[in-house]
Every structure is written in C-alpha cells, then in structure tokens.
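All remarks here apply to the structure that follows.
The values are calculated or read from the model by the stated rules, or taken from the named source; none is laboratory data. These numbers come from a predicted model, not from an experiment. Methodologically, a virtual Cβ is constructed for each residue, glycine included, from the backbone with ideal geometry; neighbour enumeration extends over all protein chains shown.
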Amino acid sequence: MIFWEKDIETLQRSGIHKLQVEKLNQTITIAQNSLYYDKLFKQKGIKPGTIKNIEEITKLPFTTKQDLRDHFPYGFLTVDRRDVVRLHSSSGTTGNPTVIFHTASDLKNWANLVARSLFTAGIRDTDVFQNICGYGLFTGGLGFQYGIERLGCLSIPAGAGNSLRQIKLMQDYGTTAAHAIPSYLNRLYDVFKELNLDPKRDTQLHTFVIGAEPHTEEQRRRIEEMFGVKAYNSFGLSEMNGPGVAFECTFQNGLHIWEDAFIVEIVDPETLEPVPHGEVGELVMTTLDRIAMPLIRYRTRDLTRFLPGDCPCGRTHYRLDRITGRTDDMFIVKGCNIFPMQIEGVLMKIPEAGSNYLITIENINDNDELIIQVEVKREWFSGDLAKLDNLTRLMAHKVRDEVLVKPIIKLVEPGSLPQSEGKAVRVIDKRKIL
Ligand code: AMP
Ligand code: ZN
C-alpha cells in the first residue's frame, strides 16, 4: 500500500494552522469530559471555540507528568470505560505509573501515523519487517506492529532480546527492515561476529528504524556501517501514543513531526515562554486526534529544536533536531552541566571506543568524580587492557574538552558492561543513591 498522505503531508503553513485550530477546539470539547480538564477549564474559563488562532494556544495551561500521576488512573479519561480498548503504561518503579487509554479509533489513528512514518523512511509493503522490541505495556511493540501491518509489510513480531533467534529469523525469512533500540543493535552485531556472520553479506537488511532512547549521529553512523543499512531516527513517547510521532524521511535531515496530529511548541523550560524559532528548548505537545485521553500542552521534558529550511522530500511538517536529552537527564559535576549525549558524541568519534559505555558520578574523598567505563571495540582489543594507557589519556582529554570536567576513564573488555533488554542505562549517579 502507498502510504503517502500527500494533501496532509505537504500542507502549507497557513493550512496546517487552520487545521490545528479547528482540531484544537474539538479537542477542548472532548477533553472537558474528563474530570481533570473539566475542573481546570472551568477554573480558567476555557471553552470550545476559545482559540481563534494558533498563537492563542498559550492561553491554555500546561499538563505535566505529575498531573498524570496525581490523577491516576482515570482522571484524564473522557469516555465510558466500555469504549476503551487498550492501555499502555510506563514502567513506573516508584509512584504511580503513567497510563494512557485508547479507544478503537485512537488505535486506528495511531497505526496510520506509524504506517505513514515507515513509508516516509522508505519502507514499502514489499519489505519483511522484524520488530525487535518488547511487546506489552511498552508502546514500541504493538505500536509498530499495527503500523507495519497497516502499511502491508510482512511483519515478524520478534520481541526483544534472544539475539540468536533474531538472527535466525532474519535469515529464515529474509528480513529487509527492522526496528530496534540503538543500544541493542551493538549487542546484536557482536553476536553476528561470534557466529562468524557478517550482516552485510549474510542478511538482506537494508533499513533500520532506531529510536526510543537518545543516541548521537555518530552512533547512528556506526550502526549503518556495521549492518550495511540506512538507519532512520524514530521519536515517540507513550503520552503521545508511542512511535509515529516524529520520523526521519530518506534525507535523514531531522525528524518530521506530524502536525496534523499534534501541535508542537518548544518552550524555555525555566520561563515556559516559547523560544525563538530554531532554538533549543523543551518540546511541548498537544494531541489533536485522541478521543479517550487527549493531552493539552503536555511537557515532554525532551530537549530539541525546530530545524530551519524546507525538506527536499516535499513534506512541510516541521523537522525536529535529534533529541539531545531530557531536562532531567542533565547532571552537574564540579559546577558543570553535563548531558550524557555530549559524552557519547566524543566517545563515538574515537575508533577504538566500543559503543557501550557507562557514566558513574561518585563522591570520592569529598570530590565529585566523573567516571566513565568504556568498552574497547572488539576489533581493537588485544586482550591486554594495560597496554591502552594512551587511549585512556586521549579519551579523558577529549571528554574534558567537551564537558570541562576531567573524567576518570576506565577501559573495559568488549561485552563486559551490563546490557539491558530495554532502554540503555547510561548514567548512575551514586550521589543520589546515598
Ligand atoms: P516511553 O514513553 O517510555 O516510550 O519514553 C519516551 C521517551 O523516550 C521520550 O520522551 C524520549 O525521552 C525518549 N525517546 C524516544 N525516542 C527517542 C529518540 N528517537 N531519540 C531520543 N530520545 C527518544
Ligand atoms: Zn523530508
């Protein structure tokens, strides 16, 4: 099936804004059926029709993750529970999880967005698509599944982990495209090597869709080289359905965010005022198609910016820069603000550095220390870590140039750092544990 919704995907700005205002007022009508928004709108005098032009969205209050948690589980639900057919929820190890409910029409709209996104990244119904991620409450499993089917690919719902089986599936069915979390693909590549297989030679893979966790351009290029594929960045969050929110097109120059389905703002996380177009700030999103649980001006905590210029693909929906991290990812060592992706960016430019690393911040003798364990790349590893002093020094030097704090680099053997099946844990702040 051709999934190029041309009229929508190439709407001019004025057309996008007109559509958004119309859908926003409908969304306000729907949202007032929830306990949460009903009370809030009454307090603030917000009614359907309040918004006359898109700039007036700033009249509406923000919604935060804490609001979702405080009104767990049904405070945001707008419909009778009979009409809800699925929920997805965050793992929530502490406190209430974040839960999102969907009607059947919500799920249909979501599947369409995922199908549109995959098509945008060049995937076609002739592809055999292996979905390598957890099925269940995590949205990457079922979210992609329905989109792949809507597009008409042969889908392989492989689930997460079990690399030997993933490779066998790829070979048995001639997988051409796959979705996975980037940190997992490094592990998968190691298993190919252990089996004396080369994904370039021994599979038919040509496209990966990678997302769900922050990763750098360098990490993407490494994945492309290892597997001989094009890897497209996919961004989503469960509060906005999951995957299918923003996706790279084949030009790989930022992620088109679907503005017929979401209103997208970027604000200063401190002042909450919109930042000038093109500057980095916190992504704020409003759903425009959701029935069971619309969210208005939801603060995602993700940091990004709008990219300037038109995209040669012809799609007019704004492009987001790769997400550099979350407002809550940042940590401070010796007075310097540091994002894990700054460190990843430096490490991945060093050919001898493997793709897996772990940052620990620890107070040693009353000093906060930045300790970075880095796996040595398998191809470069001689079996003797002691011989790598020069490499250790080079890494420390380059990281310090970037983040202004001298780290303690500890090189470790390939494959020795912990691997999670889901999103990678990149930072352990021991100061917070004590
Ligand atoms: P979840 O709702 O548990 O799936 O988590 C969503 C969060 O994962 C987002 O808010 C981002 O912080 C992160 N995320 C998802 N996709 C990407 C991506 N492509 N790049 C960077 N971070 C991402
Ligand atoms: Zn494009």
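When Gly122 is tested against the conditions (1) touching a residue at least 40 places away in the same chain (Cβ under 8 Å); (2) surrounded by 16 or more Cβ atoms within 10 Å (Cβ to Cβ), the lone failure is (2). Listed by first and then second residue, the pairs with beta-carbon distance under 8 Å, at least 6 apart or on different chains, first residue in region 401-421 and in the same structural domain as Gly354 (by TED's automatic domain parsing), second in a loop (DSSP other than H, G, I, E, B), are Val405/Lys334; Glu413/Phe381; Pro414/Lys377; Pro414/Phe381; Pro418/Val425; Glu421/Gly134; Glu421/Ala160; Glu421/Gly161.
In region 406-420 there is at least one residue matching the filter, namely being surrounded by 13 or more Cβ atoms within 10 Å (Cβ to Cβ) and farther than 29 Å from Tyr189 by Cα. For the structure I just gave you, tell me whether Phe101 is at pLDDT below 95, within 19 Å of Leu237 (Cα to Cα), under 21 Å from the mean Cα position of the chain (by Cα) and among the aromatic types (Phe, Trp, Tyr). No, not satisfied.
Within region 328-338, restricting attention to residues that are closer than 19 Å to Ala424 by Cβ and surrounded by fewer than 19 Cβ atoms within 10 Å (Cβ to Cβ), the residue that is nearest to ligand 2 (Cβ to nearest atom) is Asp329. Confirm whether Ile123 is in a loop (DSSP other than H, G, I, E, B), in the same structural domain as Ala292 (by TED's automatic domain parsing) and farther than 30 Å from Tyr357 by Cβ. Answer is yes for this residue. Quick check: is even one residue across region 366-375 surrounded by 16 or more Cβ atoms within 10 Å (Cβ to Cβ), within 29 Å of Ile210 (Cα to Cα), at pLDDT 95 or above and acidic (Asp, Glu)? Among the residues of region 366-375, at least one is surrounded by 16 or more Cβ atoms within 10 Å (Cβ to Cβ), within 29 Å of Ile210 (Cα to Cα), at pLDDT 95 or above and acidic (Asp, Glu), which makes the answer yes.
Put simply, of Phe144, Phe129 the only residue that is in a helix (DSSP H, G or I), within 21 Å of the chain's Cα centre (by Cα) and crowded, with 24+ Cβ neighbours inside 10 Å is Phe144.
Of the candidates Phe101, Phe72, Phe129, Phe119, the single residue that is aromatic (Phe, Trp, Tyr) and in contact with a Pro (Cβ under 8 Å, 6 or more places away or on another chain) is Phe72.
Per-residue answers, yes or no, for (1) modelled with pLDDT of 95 or more; (2) among the hydroxyl-bearing types (Ser, Thr, Tyr); (3) in contact with a strand residue (DSSP E or B) (Cβ under 6 Å, 6 or more places away or on another chain):
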| position | (1), (2), (3) |
| --- | --- |
| Met348 | yes, no, no |
| Ile361 | yes, no, yes |
| Glu379 | no, no, no |
| Ala386 | no, no, no |
| Arg400 | yes, no, no |
| Ile408 | yes, no, yes |
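Among the conditions (1) at pLDDT 95 or above; (2) within 20 Å of the chain's Cα centre (by Cα), Gly161 misses just one, which is (1). State yes or no: is Val284 in contact (Cβ under 8 Å) with a residue 24 or more places away in the chain, within 16 Å of ligand 2 (Cβ to nearest atom) and either assigned by TED's automatic domain parsing to the domain that holds Val21 or part of a loop (DSSP other than H, G, I, E, B) (or both)? No.
Cβ separations smaller than 7 Å between residues 6+ apart or across chains give the following pairs from region 252-276 residues that are over 18 Å from Met240 (Cβ atoms) and within 16 Å of ligand 2 (Cβ to nearest atom) to residues that are part of a strand (DSSP E or B) and not basic (Lys, Arg): Gln252/Tyr232. Pairs are defined by a Cβ separation below 8 Å, a sequence spacing of at least 6 or placement on different chains, a first member in region 129-158 that is under 19 Å from Phe119 (Cβ atoms), and a second member that is within 16 Å of ligand 2 (Cβ to nearest atom) and of a type in the set (Lys, Arg); no pair meets this definition.
Please state which one of Glu239, Glu273, Glu279 is surrounded by fewer than 16 Cβ atoms within 10 Å (Cβ to Cβ) and in contact with a helix residue (DSSP H, G or I) (Cβ under 9 Å, 6 or more places away or on another chain). From the options Glu239, Glu273, Glu279, the qualifying one is Glu273.
Of all residues in region 292-324, exactly one satisfies the criterion of being among the β-branched types (Val, Ile, Thr), more than 10 Å from ligand 1 (Cβ to nearest atom) and either more than 28 Å from Tyr36 (Cβ to Cβ) or surrounded by fewer than 21 Cβ atoms within 10 Å (Cβ to Cβ) (or both), namely Thr316.
So, in region 292-325, of the ones that are of a type in the set (Gly, Ala, Ser) and within 16 Å of ligand 2 (Cβ to nearest atom), which residue ends up nearest to Asp7 (Cα to Cα)? If you could, list the steps in order and put the result at the bottom.
Initial filter on region 292-325 (of a type in the set (Gly, Ala, Ser)): 292, 309, 314, 325.
Going one step further and asking which of them are within 16 Å of ligand 2 (Cβ to nearest atom), we end up with 309, 314.
Numbers: Gly309: 20, Gly314: 11 Å.
Restricting to residues being of a type in the set (Gly, Ala, Ser) and within 16 Å of ligand 2 (Cβ to nearest atom), the top hit is Gly314.
Would you call Val275 within 21 Å of Asp328 (Cα to Cα) and away from ligand 1 (no atom under 15 Å from the Cβ)? So that I can check it myself, show each step before the final result.
Working: within 21 Å of Asp328 (Cα to Cα): yes; away from ligand 1 (no atom under 15 Å from the Cβ): yes.
Spelling it out, Val275 is indeed within 21 Å of Asp328 (Cα to Cα) and away from ligand 1 (no atom under 15 Å from the Cβ).
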